[in-house]
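**Q** Structure provided below as structure tokens; questions to follow.
The values are calculated or read from the model by the stated rules, or taken from the named source; none is laboratory data. Here the structure is a predicted model, which means the values were calculated and not measured. Cβ coordinates were reconstructed from backbone atoms using ideal geometry, including for glycine residues, and neighbour counts include every protein chain displayed. All accessible areas refer to the heavy atoms of the entire protein, side chains included, with ligands and DNA or RNA removed. Shrake-Rupley method; radii C 1.70, N 1.55, O 1.52, S 1.80 Å.
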Amino acid sequence: MNEPVVCDQPCTLCDATEARLLSLTDRDNRFLCTVVCIRCGLIRSDPLPREEQLRAFYSTKYRKEYKGISVPKGKHLYSDARTAMRRFRFLAPLL
Ligand SMILES: [Zn+2]
């Protein structure tokens, strides 16, 4: 396995700054640095996008880039809501 690298930002779970590089591109071959934390195993982008970048991407580009549509289908909203509720019930005791 490759040598650990020092990340731009510490791990969001354990604050470790060392990780191993997994990839430098996303599924469309655009630059995206993906690392795995050497302490806890969290896989994440490094650096993480800022809040305003995430908001802009998910409100304007995400659905078009990953689903090929600009308005969600009803069945997808229903399925996503069920998934969100399942995750909430799983995580609620931990929060
Ligand atoms: Zn970690």
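**Q** Determine the calculated [θ] at 222 nm for the chain from helices alone, applying -39500 (n - 2.57) to every DSSP H run no shorter than 4 residues and normalising by the residue count; nearest 500 deg cm²/dmol.
**A** It lands at -11000 deg cm²/dmol.
**Q** Related question: Semi-axes of the equivalent ellipsoid for region 1-48, please: Cα gyration tensor eigenvalues, times 5, square-rooted, ordered largest first, whole Å.
**A** That gives 18, 11, 8 Å for the three semi-axes.
**Q** Determine the per residue accessible area of region 1-48 with all protein chains present and a 1.4 angstrom probe, expressed in square angstrom.
**A** Counting only protein heavy atoms, the per-residue value for region 1-48 is 68 Å².
**Q** Using a simple charge model, +1 on the beta-carbon of Lys and Arg, -1 on the beta-carbon of Asp and Glu, nothing else, what dipole does the chain show about its Cα centre, in debye to the nearest 20?
**A** 820
**Q** Continuing with this model, one more query. When only the heavy atoms of the protein chains count and the probe is 1.4 Å, how do I38, I43 rank by accessible area, highest first?
**A** I43, I38
**Q** Expressed as a whole percentage, what fraction of the accessible surface of region 50-95 belongs to carbon and sulfur atoms when a 1.4 Å probe is rolled over the protein heavy atoms?
**A** 58
**Q** Another question about this same structure. Which residues' amide hydrogens lie under 5 Å from the amide hydrogen of L22, considering only partners 5 or more residues apart or on another chain, with H built in the peptide plane?
**A** T34, V35, V36
**Q** Using a 1.4 Å probe on the protein chains only, how many percent of the accessible area of region 1-48 belongs to carbon and sulfur?
**A** 53
**Q** Please check the chain for the longest run free of trypsin sites (Lys or Arg not before Pro) that are loop-located per DSSP (anything but H, G, I, E, B) and have at most 16 other Cβ atoms within 10 Å.
**A** In short, 1-26.
**Q** A further question follows. Taking H placed 1.01 Å from N in the peptide plane, check which residues at least 5 places from L42 or on another chain put their amide H under 5 Å from its amide H.
**A** Under 5 Å from the amide H of L42 lie the amide H atoms of C37, each far enough along the sequence or on another chain.
**Q** Given a cut-off of 22 Å, what percent of all Cα-Cα pairs of the chain lie beyond it?
**A** Summing the P(r) of the chain above 22 Å gives 49 percent of all pairs.
**Q** Output ³J(HN,Hα) for region 61-72: one whole-Hz value per residue in order, computed from phi by the Karplus curve 6.51 cos²θ - 1.76 cosθ + 1.60 with θ = phi - 60°, and x for Gly and Pro.
**A** After applying 6.51 cos²θ - 1.76 cosθ + 1.60, I find 10, 3, 4, 5, 6, 9, 10, x, 9, 10, 10, x Hz.
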